[in-house]
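Worksheet for the structure shown next.
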Amino acid sequence: MSNETKEKTTAEIAAENLATINEAGAVTAEEMAHVAATLETDSAKKSGKGKNQPEPELVAKLKAARAKAKAETDALTAVGKAACRRHSLPAVWVTADGQCFKQENDARNHGKSLGFSAVPLKVEA
């Protein structure tokens, strides 16, 4: 394990995880703010030496959000594979709302107009 990883606090690690989960659109802004605020206050309380252990309820909430993000990604992958088969395409780009596009740029622009993550998912047949 690198020193960079060892020196990170629980709040920093959780913030990175929440940012990743938020890109998938699985967590609302209110939920992210609540979890981040709770983690910051918890890490401020635990200023002693040793590893900071997050609260079990926060861990459960993060695991549930990750599972939801994975389920949504799996659903988008299934939609993309169906579009590849139907239209005989080698690959498609799927946006957060399930729209499939032949070109990545079209998918990015569509994602931006929706307010979701502008990073589409590439699905290959």
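Of note:
- Measuring with a 1.4 angstrom probe and ignoring ligands and nucleic acids, Arg108 comes out at about 80 Å² accessible.
- Distance in nm between pseudo-label sites at Ser117 and Glu104 (7 Å out along the Cβ direction from Cα): 1.5
- Anisotropy class of segment 56-124 from Cα gyration tensor, a/c 1.5 cut: oblate
- Among Thr95, Thr77, the sequence by solvent-accessible area, most first, with a 1.4 Å probe is Thr77, Thr95.
The values are calculated or read from the model by the stated rules, or taken from the named source; none is laboratory data. Being a predicted model, the structure only gives us computed values, none of them experimental. Quick reminder, even Gly has a Cβ in these numbers, built from the backbone with ideal geometry, and neighbours come from all protein chains shown. Note: areas computed on protein heavy atoms with side chains; ligands, DNA, RNA excluded. Shrake-Rupley method; radii C 1.70, N 1.55, O 1.52, S 1.80 Å.
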